[in-house]
1. Filter the stretch 92-102 down to residues that are outside any helix (DSSP H, G or I) and within 25 Å of Gly29 (Cβ to Cβ), then give me how many there are.
2. Quick check: is even one residue across the stretch 74-91 within 13 Å of Glu109 (Cα to Cα) and in a strand (DSSP E or B)?
3. Suppose we filter Asn46, Asn78 for residues that are under 14 Å from the mean Cα position of the chain (by Cα), among the polar types (S, T, N, Q) and farther than 18 Å from Ala112 by Cβ; which single one remains?
4. For the stretch 60-73, which residues satisfy the criterion of being surrounded by 15 or more Cβ atoms within 10 Å (Cβ to Cβ) and part of a helix (DSSP H, G or I)?
5. Looking at Glu54, Glu39, which one is acidic (Asp, Glu) and surrounded by fewer than 18 Cβ atoms within 10 Å (Cβ to Cβ)?
6. For the stretch 84-118, which residues satisfy the criterion of being among the hydrophobic types (A, V, I, L, M, F, W, C), under 13 Å from Gln23 (Cα atoms) and under 11 Å from the mean Cα position of the chain (by Cα)?
7. Is there a residue in the stretch 18-28 that is in a loop (DSSP other than H, G, I, E, B), surrounded by 15 or more Cβ atoms within 10 Å (Cβ to Cβ) and among the charged types (D, E, K, R)?
8. Could you tell me which of the residues Gln23, Gln42 is among the polar types (S, T, N, Q) and in contact with a Leu (Cβ under 7 Å, 6 or more places away or on another chain)?
Amino acid sequence: MSAPVGPYTPIVRAGDLLVLSGQLGMLDGQMVAGGVVAETTQAIANIASLLESEGASLTDVVKTTVFLRHMRDFQIMNEAYVAAFGDHRPARSAFAVAELPMVALVEIEAWAYAPAGR
């Protein structure tokens, strides 16, 4: 997991909710090579790592928002997304944006339900 690229907190607990800022496909401060699949896989790995820091996991995710640089990457992003989430299907929105930080192709934010002290 990399440090934030801006002045924000990567994960915030709000009662039983965990709100995760958008995660890029970054590892050790660098964008991963390999395009949309690699970036999606790493972004979700970063989400999983942040969740673990709060005693939660990907199965606790209830909502994601996926930002794509190009809508043409929707299907290959979906394949990597399903590979990472398995049978778990949180609610999701996905749309294209003009640009993403660090010239990323994908950014994913997430909300998780994870009661404190469970």
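Quick note: the coordinates plus some simple rules give every number you see, no bench work behind them. Predicted, not measured: the structure shown is a model, and the values here were computed from it. FYI the Cβ positions are ideal-geometry reconstructions off the backbone, even for glycines, and counts take in every protein chain you see.
1. Keep residues of the stretch 92-102 that are outside any helix (DSSP H, G or I), which gives 92-100.
Next, only the ones that are within 25 Å of Gly29 (Cβ to Cβ) stay: 97-100.
So the answer is 4.
2. So in the stretch 74-91, the residues within 13 Å of Glu109 (Cα to Cα) come out as 81, 90-91.
Restricting the remaining residues to those that are in a strand (DSSP E or B) gives 91.
The answer is yes; a qualifying residue exists.
3. On the way: Asn46 fails: farther than 18 Å from Ala112 by Cβ.
Answer to the selection: Asn78.
4. Asp60, Asp73
5. Numbers: Glu39 fails: surrounded by fewer than 18 Cβ atoms within 10 Å (Cβ to Cβ).
None of the others qualify; the one that does is Glu54.
6. Result: Val106, Ile108, Ala110, Trp111.
7. We begin by selecting, within the stretch 18-28, every residue in a loop (DSSP other than H, G, I, E, B); these are 25, 28.
Narrowing further to those that are surrounded by 15 or more Cβ atoms within 10 Å (Cβ to Cβ): 25.
Keeping just the survivors that are among the charged types (D, E, K, R) gives none.
No, the stretch 18-28 contains no residue that is in a loop (DSSP other than H, G, I, E, B), surrounded by 15 or more Cβ atoms within 10 Å (Cβ to Cβ) and among the charged types (D, E, K, R).
8. On the way: Gln23 fails: in contact with a Leu (Cβ under 7 Å, 6 or more places away or on another chain).
The conditions single out Gln42.
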